[in-house]
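Trainee: Before I ask anything, here is the structure I am working with.
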Amino acid sequence: MRTDVRRTHTTVTTTSTAAAAAVLAGINTVRNLGILAHVDAGKTTVTERILFLAGETHKRGEVHDGTTVTDCHPQERERGITIFAAAVSCLWDGHRINLIDTPGHVDFADEVERSLRVLDGAVAVFDAVAGVEPQSESVWRQADRHGVPRIAFVNKMDRAGADLDAAVASIRERLHPVPLAVQLPVGREGDFIGVVDLLTMRALTWDDGPGRDGLREVPVPEELRAEAEHRRRRLDEAVAGLHPAALEEYYEHSALSTATLAAALRDLTRSGEAVVVLCGSAYRNRGVEPLLAAVTAYLPSPLDVPAVRGSSVGAESAEGAEGAEGAEVERAADPAGPLTALVFKVNVTASGRLTYLRLYTGTLRKGDTVLDATTGRTERIARILRVQADSHTETDSAVAGDIVAVIGVKAARTGATLCAPGAPLVLEPPVTAEPVVTVAVEARRSVDTDRLAVALARLAEEDPSLVVRTDPETGQRVLSGLGELHLEVAVEKIRRDHNGLEVTVGRPQVALRETVERGVTGHVHRHVKQDGGAGQFAQVVIDVAPLDGPVGAQEGGGFVFASTVTGGRVPKEYVQAVEAGCRDALAEGPLGGHPVTGLRVTLTDGATHTKDSSDLAFRTAGRTALRDALRACRVVLLEPVVEVTVTVPQEAVGGVLGDLAARRGRVQGSDPQGATASVTAVVPLAELFGYATALRSRTQGRGTFTTRPAGYAPAPAAAR
């Protein structure tokens, strides 16, 4: 492992494509990583400093000035937050770093989900004062689901109240990995000037100059030597307790060598057993070089991650290695293998369509014809682009492990798999979050109705978490999303991208659900239809009960189906048809036609006819039986609720608590933090519309709040 954190200029030589070993060596130097964090923890500033130190930019961009590379959309610069995930690329110490700066606001969590689906590693950024914040925890759990290895960067060490140990403790308590701090701060708060690297036992300090050469490597200050040695011993002990090879050396020498410690940290990071913690101040350009060194040393390359898995769609590979329809197939990161790429982002503009890809195997060249395995449609690659946020550099080819954008793909949607026509494979697409807020959108002038339809279709194509539909009763176009800000940004995007298109937006509405509070047993339904020719006959007996756990805990689609039928009274193929019919019935509940969630249906008995029974008959019987049974159950209406964390001055806490109570909020706790306090409450989402304005008014603009989904809860009687 290289321990020199200074940037080196590497000369890249062109090698023959026939030299497979050289190509694989090149892939081994690629790092595909994301920057994850809570709002305002400093993700975008960290990204800007990485680009600056790597020589991709010649001036340090600032969020407050609207001069950052990744926050390139006008709305991002106006609001001072990241809204759209932006991909950039740079070279550092012989490594190509493909980096995605992700949003930190909960309303744009789907952008994070799509990014994590194609990343090999991540840097989680934490505020040195606040530690783990609500959205930090949410994005961490998202990374857990995708198995993405992470390192942690505790940012803003120069702020009043900054405390590395407190931040590390919050990581341990709230995120539950084993945090391994490999640095000791030099100076506190405003006097923070650098760090002690506990691996090399050298101090790294920075001056406040505007250039890239402010880093100095010096001996550990005498006043910190004892503390540094103590922390190094604790680090050795912690690593030895987790890593067998390190434990063996520790038993023999009562300490770990730098090489053994670095190798163990790499293994623990990639397995997810521990997270390496570094610190710094990105705004003052302190601590970013060691962060880049940690990225290249500890996070995996495309060759280090498990082979991608997908479902074969029936065609065999040239070698005949892939199986029949639906068989699971693995493909390693081999440039010589069959092309396999996942579409994770689409950007549709008036001038063209940009499709972002992660290549898992094979090589993609300009002019290639590829297959969209999801739809069976072929597409031609007109151009391949290296992406630098809103600017691009054209290239002739891309290989396994690359993240690029292509022009020429006309129909592939987010989540589609592009592959070699002779070796089709479907990869699992990113999970799309279920919309929870809805507004009616209309063109102010009737002549603009068709333009609005095109604009909404373009929005839904770019962002799958936005759902556009037409209300069957009112005929209105309805736009659904993940939050009030999400929809506000979407509508503003329509106005900006389509000059002269005036849009009227109705009051937001939340997506309600229905669930069973008390079920029924032994509900019998007989389906008989005889109108000439073959008839239909099916008889089913079902029990309906709420799922275990609190009402509404199963957000979005909690449904369990089971069968206890014995003696073949309902053949197995008809049992599947009954389940399909029950799922059909979940689309509309008896209270208001809302989707039904959180219930268990058990098929206990039934009857068949030798001639008239069929899949269709039992599916119809299952659908009608559950609809009738729900009318006999005690059904309650559910509304989405969110966990709100409000940070306000101490003198405003009383007013904020009263306001949350008036909004039907259940306060979970209040945590004093010096001159401010953090109040946590669970509040119905419908009560938070317009809360940002109300909070600013109540706290003279000093209050902030964040939210994260907390499932569903029973709605008040007035909503029913």
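Trainee: Just a yes or no: is a residue in the stretch 678-689 open to solvent by 50 Å² or more (accessible area, probe 1.4 Å) and touching a strand residue (DSSP E or B) at 6+ places or on another chain (Cβ under 8 Å)? Give the steps one after another, and end with the answer.
Mentor: First pass over the stretch 678-689, keeping only residues open to solvent by 50 Å² or more (accessible area, probe 1.4 Å): 687.
Still in the list and also touching a strand residue (DSSP E or B) at 6+ places or on another chain (Cβ under 8 Å): none.
There is no residue in the stretch 678-689 that is open to solvent by 50 Å² or more (accessible area, probe 1.4 Å) and touching a strand residue (DSSP E or B) at 6+ places or on another chain (Cβ under 8 Å).
Trainee: Among the listed residues Leu485, Leu456, which satisfies the condition of being in contact with a His (Cβ under 8 Å, 6 or more places away or on another chain), farther than 30 Å from Arg331 by Cβ and in a helix (DSSP H, G or I)?
Mentor: None of the other options fit; the residue is Leu485.
Trainee: Considering each of Val426, Val406 in turn, give the residue that is assigned to a strand (DSSP E or B), out of contact with any Pro (no Cβ under 9 Å at 6 or more places or on another chain) and open to solvent by less than 10 Å² (accessible area, probe 1.4 Å).
Mentor: Val406
Trainee: For the stretch 587-608: of the residues being in contact (Cβ under 8 Å) with a residue 60 or more places away in the chain and of a type in the set (A, V, I, L, M, F, W, C), which is farthest from Val516 (Cα to Cα)?
Mentor: Per the criteria, the residue is Ala607.
Trainee: Before we move on, is Ser301 under 25 Å from Leu175 (Cα atoms) and open to solvent by 60 Å² or more (accessible area, probe 1.4 Å)?
Mentor: No, not satisfied.
Trainee: Now for a separate question. Among what's in the stretch 360-383 and is aliphatic (A, V, I, L, M) and closer than 18 Å to Gly401 by Cβ, pick the residue that is surrounded by the fewest Cβ atoms within 10 Å (Cβ to Cβ).
Mentor: Of everything passing the filter in the stretch 360-383, Ile381 is surrounded by the fewest Cβ atoms within 10 Å (Cβ to Cβ).
Trainee: So which of Gly352, Gly408, Gly367, Gly362 ends up being at positive phi, small (Gly, Ala, Ser) and modelled with pLDDT under 90?
Mentor: Result: Gly352 is the single residue among Gly352, Gly408, Gly367, Gly362 that is at positive phi, small (Gly, Ala, Ser) and modelled with pLDDT under 90.
Trainee: Any residue in the stretch 436-448 that is of a type outside the set (A, V, I, L, M, F, W, C), outside any helix (DSSP H, G or I) and under 23 Å from Val106 (Cβ atoms)?
Mentor: Within the stretch 436-448 (the criterion being of a type outside the set (A, V, I, L, M, F, W, C), outside any helix (DSSP H, G or I) and under 23 Å from Val106 (Cβ atoms)), the answer is yes, since at least one residue qualifies.
Trainee: Also: Would you point out which residue out of Thr375, Thr414, Thr393 is among the polar types (S, T, N, Q) and either more than 28 Å from Pro300 (Cβ to Cβ) or in contact with a Cys (Cβ under 6 Å, 6 or more places away or on another chain) (or both)?
Mentor: Testing whether each residue is among the polar types (S, T, N, Q) and either more than 28 Å from Pro300 (Cβ to Cβ) or in contact with a Cys (Cβ under 6 Å, 6 or more places away or on another chain) (or both) leaves just Thr375.
Trainee: Assuming Leu242 fulfils every condition listed in (1) touching a residue at least 24 places away in the same chain (Cβ under 8 Å); (2) touching a Leu at 6+ places or on another chain (Cβ under 8 Å); (3) assigned to a helix (DSSP H, G or I) apart from one, which condition is it?
Mentor: (3) is the only condition that Leu242 fails.
Trainee: Additional query: Suppose the filter is modelled with pLDDT of 85 or more and closer than 30 Å to Tyr574 by Cα; does Val560 pass it?
Mentor: Numbers: modelled with pLDDT of 85 or more: yes; closer than 30 Å to Tyr574 by Cα: yes.
Answer is yes for this residue.
Trainee: Is at least one residue of the stretch 698-718 in contact with a His (Cβ under 6 Å, 6 or more places away or on another chain), open to solvent by less than 70 Å² (accessible area, probe 1.4 Å) and in contact (Cβ under 8 Å) with a residue 40 or more places away in the chain?
Mentor: no
Trainee: Would you say Val646 is outside any helix (DSSP H, G or I), closer than 30 Å to Gln509 by Cα, at pLDDT below 90 and open to solvent by less than 20 Å² (accessible area, probe 1.4 Å)?
Mentor: yes
Trainee: What are the residues in the stretch 507-548 that are surrounded by 14 or more Cβ atoms within 10 Å (Cβ to Cβ) and within 25 Å of Asp107 (Cα to Cα), if any?
Mentor: Answer for the stretch 507-548, where residues must be surrounded by 14 or more Cβ atoms within 10 Å (Cβ to Cβ) and within 25 Å of Asp107 (Cα to Cα): Pro508, Gln509, Val510, Ala511, Leu512, Arg513, Glu514.
Trainee: Oh, and also: What are the pairs with Cβ atoms under 7 angstrom where one residue, in the stretch 327-350, is farther than 21 Å from Leu116 by Cα and the other, located anywhere, is among the acidic types (Asp, Glu) and part of a loop (DSSP other than H, G, I, E, B)? Sequence gap at least six, or different chains.
Mentor: From the stretch 327-350, the pairs are Val329/Glu322.
Trainee: Could you please tell me which pairs satisfy a Cβ distance under 7 Å, a separation of 6+ or placement on different chains, a first residue in the stretch 276-288 that is closer than 12 Å to Gly194 by Cβ and assigned to a loop (DSSP other than H, G, I, E, B), and a second residue that is of a type in the set (Val, Ile, Thr) and open to solvent by less than 10 Å² (accessible area, probe 1.4 Å)?
Mentor: Gly280/Val195; Gly280/Val288; Gly287/Val195
Trainee: Here's a check for you: in the stretch 649-674, which residue that is open to solvent by less than 30 Å² (accessible area, probe 1.4 Å) and in contact (Cβ under 8 Å) with a residue 40 or more places away in the chain is farthest from the chain's Cα centre (by Cα)?
Mentor: Ala652
Trainee: Related question: Quick one: which strands (runs of 3 or more DSSP E) sit completely within the stretch 152-215 and have at least 2 residues that are open to solvent by less than 60 Å² (accessible area, probe 1.4 Å), of a type outside the set (Phe, Trp, Tyr) and closer than 13 Å to Val288 by Cα?
Mentor: Those strands (runs of 3 or more DSSP E) span 194-197, 202-206.
Trainee: So which residues in the stretch 572-587 are modelled with pLDDT of 90 or more and in a loop (DSSP other than H, G, I, E, B)?
Mentor: Residue satisfying the conditions is Leu586 alone.
Trainee: Another question about this same structure. Identify, please: which residue in the stretch 332-349 is in contact with a helix residue (DSSP H, G or I) (Cβ under 7 Å, 6 or more places away or on another chain) and under 20 Å from Gly415 (Cβ atoms) and is, among those, modelled with the lowest pLDDT?
Mentor: Selected residue: Val348.
Trainee: Among (1) of a type outside the set (D, E, K, R); (2) open to solvent by 10 Å² or more (accessible area, probe 1.4 Å); (3) in contact with a Ser or Thr (Cβ under 6 Å, 6 or more places away or on another chain), there is one condition Val635 misses while meeting the rest; what is its number?
Mentor: Going through the list (1) of a type outside the set (D, E, K, R); (2) open to solvent by 10 Å² or more (accessible area, probe 1.4 Å); (3) in contact with a Ser or Thr (Cβ under 6 Å, 6 or more places away or on another chain), Val635 breaks only (3).
Trainee: Something else: Give the stretch 443-458 a look and list any residue that's open to solvent by 80 Å² or more (accessible area, probe 1.4 Å) and either of a type in the set (S, T, N, Q) or touching a strand residue (DSSP E or B) at 6+ places or on another chain (Cβ under 6 Å) (or both), or say none.
Mentor: Answer for the stretch 443-458, where residues must be open to solvent by 80 Å² or more (accessible area, probe 1.4 Å) and either of a type in the set (S, T, N, Q) or touching a strand residue (DSSP E or B) at 6+ places or on another chain (Cβ under 6 Å) (or both): Arg444, Ser446.
Trainee: Here is a list: Asp197, Asp165. Which entry is charged (D, E, K, R), under 24 Å from Gly131 (Cα atoms) and touching a strand residue (DSSP E or B) at 6+ places or on another chain (Cβ under 7 Å)?
Mentor: One residue alone meets the criteria, Asp197.
Trainee: Go through the residues of the stretch 613-636 one by one and say whether even a single one is of a type in the set (Phe, Trp, Tyr) and over 30 Å from Val540 (Cβ atoms). It would help to see each step written out before you state the result.
Mentor: Taking the stretch 613-636 as the starting set, the residues that turn out to be of a type in the set (Phe, Trp, Tyr) are 618.
Within this subset, residues satisfying the condition of being over 30 Å from Val540 (Cβ atoms) are none.
No.
Trainee: So is Thr3 surrounded by 14 or more Cβ atoms within 10 Å (Cβ to Cβ), more than 29 Å from Arg496 (Cβ to Cβ) and at pLDDT below 65 or not? If you could, list the steps in order and put the result at the bottom.
Mentor: Values: surrounded by 14 or more Cβ atoms within 10 Å (Cβ to Cβ): yes; more than 29 Å from Arg496 (Cβ to Cβ): yes; at pLDDT below 65: yes.
The answer is yes for Thr3.
Trainee: Of the conditions (1) touching a Lys or Arg at 6+ places or on another chain (Cβ under 8 Å); (2) on the phi < 0 side of the Ramachandran plot; (3) among the small types (Gly, Ala, Ser), Ala416 clears all except one; give me its number.
Mentor: So Ala416 meets the others, but not (1).
The values are calculated or read from the model by the stated rules, or taken from the named source; none is laboratory data. Predicted, not measured: the structure shown is a model, and the values here were computed from it. Methodologically, a virtual Cβ is constructed for each residue, glycine included, from the backbone with ideal geometry; neighbour enumeration extends over all protein chains shown. These area figures cover heavy atoms from the full protein model, side chains too; ligands, DNA and RNA do not enter into them. Shrake-Rupley method; radii C 1.70, N 1.55, O 1.52, S 1.80 Å.
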